[in-house]
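The structure under discussion appears below in the form of structure tokens.
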Amino acid sequence: MLRGPFIPRSWMGACEDYTQADWVLVGLPYDGTTSFRPGTRFGPAAIRDASWGLETYSPLQHAELSGVNYFDAGELEFPCGNRDAILTMIRENARDVLAANKRWLGLGGEHLVTFPVIEAYVEKYPDLAVLHFDAHADLRDDYLGEKLSHATVLRRVTELIGPERLVQIGIRSGPKEEFEWMRHNGTLLETKADIARGLQRLSGRPVFLTIDLDVLDPSILCGTGTPEPGGMSFSTFIEWLLPFQGLNFVGADVVELSPHYDPSGVSNVVAAKVVREVILLGTPASLIDVPQAAMASGSALR
Ligand code: MN
Ligand code: MN
């Protein structure tokens with residue numbers, strides 16, 4: 001035997017028992033419909049590696065990740081190039097996670113990987129609402145004739161949940177028609193004052209949170225396929241995210257990291273930190289397995 005210790009190649013701090021897990025992390029290394037620069041198939045592995053540099057405690061949410069039960073399932077192995085078979089695989093695996101009463105946390109991959117997950121979710125939660133962070137609306141009806149693309153994914157989602165159950169944040173690029181659609185349907189929150197309106201849409205419903213990392217500015221996250229100047233700093237992103245704390249988050253995903261466009265590796269660290277904050281945001285305090293009194297003394301930190 002080697003004496004180690006070894007770092008397992010799974011997300012930092014993940015629990016080893018699937019049956020005990022509240023969240024299931026699933027890597028989705030697919031980038032088949034990427035419209036500009038491909039490479040998000042390498043995202044999940046890069047996020048996992050970067051996670052080992054993070055602290056498990058989030059001062060932003062005063063919450064400790066080591067108290068959350070999350071299981072890292074690894075990466076689905078896709079039949080390359082067969083989009084429809086890949087979407088079916090994702091949908092069936094999401095159904096399995098939901099049947100076990102767990103929450104899905106997808107690590108993209110491109111944004112199309114969200115659609116089959118939402119298909120599975122609406123079977124279980126017919127009143128599902130979606131909170132969407134992105135630089136792009138992803139609301140095209142088709143992209144170069146394709147109905148299923150990372151540029152159409154939210155349009156397909158609204159066909160399942162209705163536009164009145166969608167809330168969008170950070171959108172800053174797209175054709176005029178997409179912006180007219182968002183204004184007509186009231187999906188886009190443009191200023192912080194709009195957050196109350198977003199909360200109204202989402203409160204009392206099961207909510208799926210989908211984060212396209214290009215919502216962040218390319219100056220802090222250039223490792224993505226369609227970088228869009230004028231985005232959020234990390235702090236601004238957190239300011240937009242935390243007001244939604246306390247909603248009933250039933251699943252989430254973080255997509256569009258394309259690690260090879262950022263030789264510094266900073267994008268991977270940013271992405272891993274986003275994932276940490278998403279897990280903590282989506283876990284009710286009652287499920288975080290650290291007694292408050294013990295936490296104050298630090299003795300319960302595992
Ligand atoms: Mn985007
Ligand atoms: Mn997107």
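The values are calculated or read from the model by the stated rules, or taken from the named source; none is laboratory data. Every value quoted in this text rests on a predicted model; they were computed, and no experiment measured them. In this analysis, Cβ positions are derived from the backbone assuming ideal geometry, glycine residues included, and neighbour counts consider all displayed protein chains. Each accessible area value is taken on the protein alone, full model and side chains, heavy atoms only, with ligands, DNA and RNA left out. Shrake-Rupley method; radii C 1.70, N 1.55, O 1.52, S 1.80 Å.
Name every residue in segment 90-127 that is more than 17 Å from the chain's Cα centre (by Cα), assigned to a helix (DSSP H, G or I) and under 23 Å from residue 14 (Cβ atoms), in order of residue number. 92, 95, 96, 99 - these are the residues of segment 90-127 that are more than 17 Å from the chain's Cα centre (by Cα), assigned to a helix (DSSP H, G or I) and under 23 Å from residue 14 (Cβ atoms).
Per the conditions (1) more than 18 Å from residue 31 (Cα to Cα); (2) modelled with pLDDT of 95 or more; (3) surrounded by fewer than 23 Cβ atoms within 10 Å (Cβ to Cβ), the sole criterion not satisfied by residue 56 is (2). Here 19, 33 are screened, and the one residue that is open to solvent by 20 Å² or more (accessible area, probe 1.4 Å), farther than 28 Å from residue 83 by Cβ and hydroxyl-bearing (Ser, Thr, Tyr) is 19. Across segment 118-160, the number of residues qualifying as touching a strand residue (DSSP E or B) at 6+ places or on another chain (Cβ under 6 Å), away from ligand 2 (no atom under 13 Å from the Cβ) and of a type in the set (A, V, I, L, M) comes to 3.
Selection within segment 190-237: residues that are open to solvent by 10 Å² or more (accessible area, probe 1.4 Å) and of a type in the set (Val, Ile, Thr). The member of this set that is nearest to ligand 1 (Cβ to nearest atom) is 226. For segment 99-114, the criterion of being farther than 19 Å from residue 30 by Cα and surrounded by 15 or more Cβ atoms within 10 Å (Cβ to Cβ) is met by at least one residue.
A residue that is buried (at least 17 other Cβ atoms within 10 Å of the Cβ), of a type in the set (A, V, I, L, M, F, W, C) and not in a loop (DSSP other than H, G, I, E, B) occurs somewhere in segment 70-78.
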